[in-house]
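These notes concern the structure reproduced below.
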Amino acid sequence: MNDSQAGPGKQPFPTVREPAGRRRTGKPSGSDPRAKPASASSPAVTNPIRDSLWARVFNRENLNEALRKVERNRGAPGIDGMTWQQLRPYLREHWPEVKARLEAETYQPNPVRQREIPKPQGGVRKLGIPTLLDRFIQQALLQALTPIFEPTFSPASYGFRPGRSAHDAVRAAREYINTGYDWVVDLDIEQFFDRVNHDKLMARVARVVEDKRVLKLIRKYLNSGIMVNGVRIERQEGTPQGGPLSPLLANIMLADLDRELEQRGHRFVRYADDCNIYVKSRRAGERVMTGVTRFLEQRLSLKVNPKKSSVNRPTKLKFLGFSFWWPRRGQVSIRVARQAIERVRERLRQLTRRSRSGRLGEIIRDINEFTQGWIGYFRLSDAAAAFQELDEWLRRRLRQLLWKRGKRGRTRWRTLVKAGVPPGLAALGAGGRSPWRMARTPVVNMAWNKAYWERQGLLSITRRYHELRELWRTAGCNKACPVV
């Protein structure tokens, strides 16, 4: 937020200086840890990590960047109902008192609003949605803590880290498979975000962060509780998904697992709580599964879900929505996992259900919005056939919807004739009892063919896939380069 936006005399984020009573001297960065402490006459040198972290969190520039990111995300309101549009005006008026409570260590975060998201395999994923004010403070904490913890994380960790993505993780997995590690230990940590032990997590944060005010504030967020049906439920474990700080805390907790796997010499890829370890035989995989399960349960107080964890070939498993396959010639290739195809079809079924009302243009707009975002993620796949099949299936779903809307044979006949079908043939497409079966007949396909849907504005998934792949190719990349 710049000064003109804040208004005269209402700058919400004044420059923060460290209180004189809290300044401490420390060793110069890069000094020998075995060297003797400096004498009283030596010039005092401040340790930036230990002494200025609180000031960096609530630095004016850091707060402005945090506010911009929270507004850009446009997240849902928390328990207080404040929307992202109301956050900036609220901070202009109330930030001084909020900052005073933070400085006095009397600030208490609000409980998070619980929201349950159904999982494709069954069950629900519990999200904790903080208030916009708490989300803003967490984002400021995240921006100050990330540069400190990033150097401590493993190169094999890809989840929620700057400059890393799920695509990078899938490419790394492919490289391991191509070098002969073609058995996968697929670990599923049961309810990871709900079972993180607070004491163990804070002990790991305190290894790097020595500012007690920052540690206390993080602990308050962990203990803020969940609001369910108007009742606040205290939490002694877990870091609910939904807040900006949660992914970083998850990486901090699982960094010990990364170090353990590195010490054992394993080849692995981890994205948040999804971890795949690559070995050369089933027997080796089963041995690794036993050892890693014991480590997670005894050292981190986490539980491996035996029903969802397995040792198998990479072609039989999915990782971040992708799977792998071997062409007749060449190295292993990436494809969209069968489960991901089933999920996208289920979503498209909802968007194209036969009983759906509304204009066709509105339906197509909703479909385009969903499919273009979906293909933007799955463009990494090397198998184009799956996208062509999805396009054909989607057009059949839309033909079914239009045919069903005709309701009566005479109405369908007129609609087909108007679409350019000869009257004699139109009679063949006007009858029938199964909309899905009729949507595949040559007569109905003649009326509402591929060109018709293009005129209606339906964007082709296959065409968008090839456009993105062409951009990738013309950028001079090979298969190991990031998709642009």
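The values are calculated or read from the model by the stated rules, or taken from the named source; none is laboratory data. Since we're looking at a predicted model, the values are computed, not measured. Neighbour counts are summed over all protein chains in view; Cβ atoms, including those assigned to glycine, are modelled from backbone coordinates with ideal geometry. With ligands, DNA and RNA removed, areas are computed over all heavy atoms of the protein, side chains included. Shrake-Rupley method; radii C 1.70, N 1.55, O 1.52, S 1.80 Å.
Worth pointing out:
- Accessible surface computed residue by residue for the range 156-206, with neighbouring protein chains in place and a 1.4 Å probe, gives 35 Å² per residue.
- Percent accessible area from carbon and sulfur atoms, the range 310-441, protein chains only, probe 1.4 Å: 47 percent
- FRET efficiency for Glu116 and Ala203, using Cβ-Cβ distance with R0 set to 41 Å, rounded to 0.05: 0.85
- Amide proton proximity set for Ile79, modelled H, under 5 Å, gap of 5+: Arg113, Thr131
- Contour minus Cα-Cα distance for Gln331 and Thr179 (0.36 nm per residue): 53.8 nm
- Dimensions in Å of the range 273-409 - Rg and Dmax from alpha carbons: 20.8, 69
- Given Lys119/Lys307; Lys200/Lys303; Lys418/Lys450; Lys200/Lys220; Lys126/Lys216; Lys119/Lys318, the pairs whose alpha carbons are separated by over 19 Å: Lys126/Lys216
- Taking a Cβ cut-off of under 13 Å around Gly420, the surrounding Lys, Arg, Asp and Glu residues balance to a net charge of +3, with basic ones at +1 and acidic ones at -1.
- R0 of 60 Å, Cβ-Cβ distance Arg433-Asn312: FRET efficiency to nearest 0.05: 0.85
- For the range 370-424: accessible area per residue (Å², 1.4 Å): 47 Å²
- Note on Ala284/Arg74: beta-carbon distance plugged into 1/(1 + (r/R0)^6) with R0 of 56 Å gives a FRET efficiency of 0.75.
- Contour minus Cα-Cα distance for Thr474 and Glu65 (0.36 nm per residue): 143.8 nm
- For Trp325, neighbours were defined as the other residues whose beta-carbon sits under 10 Å from its Cβ, and their charges (Lys and Arg +1, Asp and Glu -1) total 0.
- Straight-line cross-link partners of Lys212 among the aspartates and glutamates, defined as a Cα under 17 Å from its Cα and at least 8 positions apart when in the same chain: Glu18, Asp51, Glu103, Glu105, Asp199.
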